[in-house]
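Report on the structure given below.
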Amino acid sequence: MSVELESKLKEVEEYIDSLELEGKDKVTKRSYLIHVLHRAQEIIGYLPIEVQKLIAKKLDVHASDVYGVVTFYNFFSMKPKGKYPISVCLGTACYVRGSGDILEEFKKQLGIKENETTEDGLFSLHAVRCVGACGLAPVVMIGDEVHGRLTKNDVKKLIKEYRERG
């Protein structure tokens, strides 16, 4: 385990300790699970098995229960995401307006598949079902920024723009 991950694990542990759950019943401790997972992902960026085991131990729940929550909710990730996570909407409105081609162009330009991260750690690529911006279809979100009415010709420009941000 890297020194950086150890340091961040300690930060997660300190956060859980700050909740003052010692002596609380199992139901009360378990009720903090999703909240603690969100905070841990904010600190580390993703939820590797080591983090899940720590959370299970500190909240007195089975590691399999923690894993079940992490894998059930799309918000949580067990893999590191890029600094700029790219979410290509494949909902009906976006798909009929060409988002499938846009996704393929991102794969080509970045040299990665869905749910992978570029070697430089800048980008990760994800297909999502709907981002709720159908009027702007096709839509891509990069981080929390919405880019609408795109074509596959816009992909190179977007990647260049975000690479320049560093």
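The values are calculated or read from the model by the stated rules, or taken from the named source; none is laboratory data. These figures come from a predicted structure and were not determined experimentally. Cβ placement follows ideal geometry from the backbone for every residue including glycine, while neighbour counts extend to all protein chains displayed. Please note that ligands, DNA and RNA were not included when accessible areas were found on the heavy atoms of the full protein model with its side chains. Shrake-Rupley method; radii C 1.70, N 1.55, O 1.52, S 1.80 Å.
With both residues required to sit in the chain, DSSP beta bridges show an antiparallel share near 55%.
Electrostatic tally near Ala137: other residues with Cβ closer than 12 Å to its Cβ, Lys and Arg +1, Asp and Glu -1, net +2. Of the residues Met1, Met141, Met78, ranked by 1.4 Å probe accessible area with the largest first, the sequence reads Met1, Met78, Met141. To the nearest 10, the accessible area of Asp17 is 80 Å² with a 1.4 Å probe.
The value obtained for segment 1-50, namely the Cα convex hull volume divided by the number of residues, is 78 Å³ per residue. Which whole-number percent of Cα pairs in the chain have a distance greater than 28 Å? Looking at the chain, the distances longer than 28 Å represent 35 percent of pairs.
Between Phe123 and Lys83, Tyr84, Thr118, the built amide H atoms are under 5 Å apart, and every one of these is 5 or more places off in sequence or on another chain. Shape descriptor for segment 69-115: Rg over Rh equals 1.02 (Cα atoms; Rh from the Kirkwood inverse mean 1/r). On the protein heavy atoms, probe 1.4 angstrom, tell me the percent of accessible surface of segment 84-165 carried by carbon and sulfur. That share works out to 47 percent. Per-residue surface analysis assigns Leu33 an accessible area of about 10 Å², computed on protein heavy atoms at 1.4 Å probe radius.
Before rounding to the nearest 500, sum -39500 (n - 2.57) across all DSSP H runs of length at least 4 in the chain and divide by the residue total; then give [θ] at 222 nm in deg cm²/dmol. Write down the numbers at each step before the final one.
Values: 8 runs with 82 residues, N = 166.
Value at 222 nm, helices only, nearest 500: -14500 deg cm²/dmol.
Partners of Lys57 within straight-line reach, counting lysines whose Cα lies under 18 Å from its Cα and excluding those fewer than 8 residues away in the same chain: Lys8, Lys10, Lys24, Lys26, Lys29. Its relative contact order, with pairs defined as Cα atoms under 8 Å and 6+ residues apart, puts the chain at 18 percent.
Think of a 1.4 Å ball rolled over the protein heavy atoms: the chain then has 60 Å² of accessible area per residue. Its Cα centre serving as origin, the chain has a Cβ charge dipole (Lys and Arg +1, Asp and Glu -1) of approximately 560 debye. With one equal scatterer per alpha carbon and no solvent term, the Debye-computed log10 I(q)/I(0) for segment 84-165 at 0.14, 0.26 1/Å reads -0.38, -1.35. Projecting the Cα atoms of Val12, Val69, Val155 onto the charge dipole of the chain, computed from C-beta unit charges around the Cα centre, puts Val155 farthest toward the positive end. Database remark: amide H of Gly98 closer than 5 angstrom to no amide H (H placed geometrically; neighbours at sequence offset of 5 or more, or on other chains; Pro and chain starts carry no H). Cross-link partners for Lys157 among the lysines, with Cα-Cα distance under 28 Å and sequence neighbours closer than 8 places in the same chain left out: Lys79, Lys81, Lys83, Lys107, Lys108, Lys113.
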